[in-house]
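The values are calculated or read from the model by the stated rules, or taken from the named source; none is laboratory data. Being a predicted model, the structure only gives us computed values, none of them experimental. Virtual Cβ from ideal backbone geometry, glycine too; neighbours counted across all protein chains shown. Please note that ligands, DNA and RNA were not included when accessible areas were found on the heavy atoms of the full protein model with its side chains. Shrake-Rupley method; radii C 1.70, N 1.55, O 1.52, S 1.80 Å.
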Amino acid sequence: MRVSSAMMINNYINAVNGNYATQAKYVEQNSTQQKLNRPSDDPVDYAKYLSYTTDDVENSQYTSNAQSAVSWMTASDNALTNIYQQFKTFIEQTNQAANGTNQTFDGSSTATQLLSILQETVSQANSDQGGRYLFSGQSDKTQPFTMSTDKVQRGLTKTLDENQSAFFGKTVSIGGVATKVDGGTQVNGMDQMLSLKGSDGNDYYLDPSTGYVFSKDFVQSGYKDKISAGQTSVTADDAVGRITLTSNSTLADLPKTAADLAAGNLNATAYADEGTYESLTTNVRKDFINKYFNTTNGAITDAGKALQTTGLSAGTSTTFSFNTVEQYVVSYAGDDNKISMVKLNGGVDTTRDSVNVTGSDMFGDSDIFGASHGTATLNDMLTVVAEMDSGNQNWLSSDGITLANNASNYLSEAQTGLASRSSAYSVAVTTLNDQNTVIQGNITDVNGINVAEVATKLLTAQTIYNISLAISKNVLPGTIADYLS
């Protein structure tokens, strides 16, 4: 076969170009520190590389979310811890003031100290992180808590203890099953009644969930005599009378007499299910309380001030009006929405992924008046301050201590929930960092280079290329060889 000069030249140029391409490949790999710089380098490995880099981007975002969440919750926990310590001091001083043997009790001075504690509490509750308020829900650009500069005249409550709540409860038939429900109105883990003043100078208590009115003496201690006599639950005979709550939505009555109670005649009405019963109790109570109290701050309305409920029991001319207390109130401008920082694949779960604590989480959603959204227990504590200022040790020794302890317990539950979620996010950070190690390993395996190996191959390729150029004078015409050289 005859080999022409043109074939020799073409073969030589192809070889030189191939050597140059090999050298360029290693130069590029050495420069980028990557084996794959375009899909054509290795289509299969490049597809794996794209998948791994997608995993890396997702992992980085989840890690950033989790780290931001941990930072947010750490700041929140610090504020909640400070508030909890303030509440402990509040409880200690309330206990000391309620001690009847304390002859040096100065209610006004102690009230001033307690008010300062709550003012600091409001300041801590307005803590922010990078210009975003920690406890405002999703309205995190809005300062959540504000204490009023003036006092308002609010209704006064009576908080039942466990034994009172059980006795003043009632049994209703729900879905054919006799069910015992607590007495009073259930709010923020407490059972409460409203305090009334009789024209005879005595105090009385109204159960808003039924409308029945009882004497203070009976609620405080008289019911114990009934228990000693074998009566296990309140009856209509134990009340001084009943205020009709609404004209068209009547709750189940209490048993008429002890004999009815013993006979099992516990209620006049049965309910199909628990939801139906709870809806009715809520609506009846709401209709009643909304008429007499402001649902924003619990202040008594003009209708409430004008209330003169006459002679509830036959043969008595006693009239009843609401007892009130003048106090400061705190309002909440945030919302109850959760801020989610997703740390895992899948949909957002506000219970799992939420990082914030709202006012309702910290201080309760509402009070007996349907007011104090997000500030209920704070306003309960401000009631304690007002009663402290008036020197009402008897009230402090029962209701005051109960309200203060309940506020602390409510806050503690919010702390516990936050700590649990914070722990989950901390674990997520560790897990995501471990996953990142695996992902980076996968990326290195498919796209990484051995620097020493590439450097050696590059040196070899350069040597071969230079040799190719050196022998060009034996293959190419002089002018071409001179040009390549």
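Structure above, values below:
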| quantity | calculated |
| --- | --- |
| Filtered residue count, region 74-99, keeping only those that are open to solvent by 20 Å² or more (accessible area, probe 1.4 Å) and farther than 16 Å from S420 by Cα | 12 |
| Residue within region 128-142 that is buried (at least 19 other Cβ atoms within 10 Å of the Cβ) and among the polar types (S, T, N, Q) present | yes |
| Total residues in region 222-233, condition open to solvent by 70 Å² or more (accessible area, probe 1.4 Å) and assigned to a helix (DSSP H, G or I) | 5 |
| Those residues of region 167-193 which are crowded, with 18+ Cβ neighbours inside 10 Å and over 29 Å from the mean Cα position of the chain (by Cα), in sequence order | F167, F168, G169, K170, T171, V172, I174 |
| Residue within region 75-94 that is closer than 29 Å to V427 by Cβ and of a type in the set (V, I, T) present | yes |
| Qualifying residue in region 51-67 (condition: under 26 Å from G334 (Cα atoms) and open to solvent by 70 Å² or more (accessible area, probe 1.4 Å)) | yes |
| Near pairs, Cβ below 7 angstrom, 6+ apart or cross-chain, from region 273-294 (closer than 14 Å to D367 by Cα) to any residue that is open to solvent by 70 Å² or more (accessible area, probe 1.4 Å) | none |
| Conditions (1) modelled with pLDDT of 95 or more; (2) open to solvent by 10 Å² or more (accessible area, probe 1.4 Å); (3) not aliphatic (A, V, I, L, M); number of the one not met by S340 | (1) |
| Residue match in region 400-413 (condition: among the hydroxyl-bearing types (S, T, Y), surrounded by 17 or more Cβ atoms within 10 Å (Cβ to Cβ), modelled with pLDDT under 90 and closer than 17 Å to S76 by Cβ) | no |
| Test: residue in region 105-113 that is in a loop (DSSP other than H, G, I, E, B) and either open to solvent by less than 40 Å² (accessible area, probe 1.4 Å) or modelled with pLDDT under 90 (or both) | yes |
| Strands (runs of 3 or more DSSP E) wholly inside region 160-221 that include at least 2 residues being modelled with pLDDT under 85 and not β-branched (V, I, T) | 170-174, 177-181 |
| Complete set of residues in region 117-159 that are touching a residue at least 60 places away in the same chain (Cβ under 8 Å), touching a Phe, Trp or Tyr at 6+ places or on another chain (Cβ under 8 Å) and either assigned to a helix (DSSP H, G or I) or under 15 Å from A79 (Cβ atoms) (or both) | L118, T121, V122, A125, L134, F135, D140, Q143, P144, F145 |
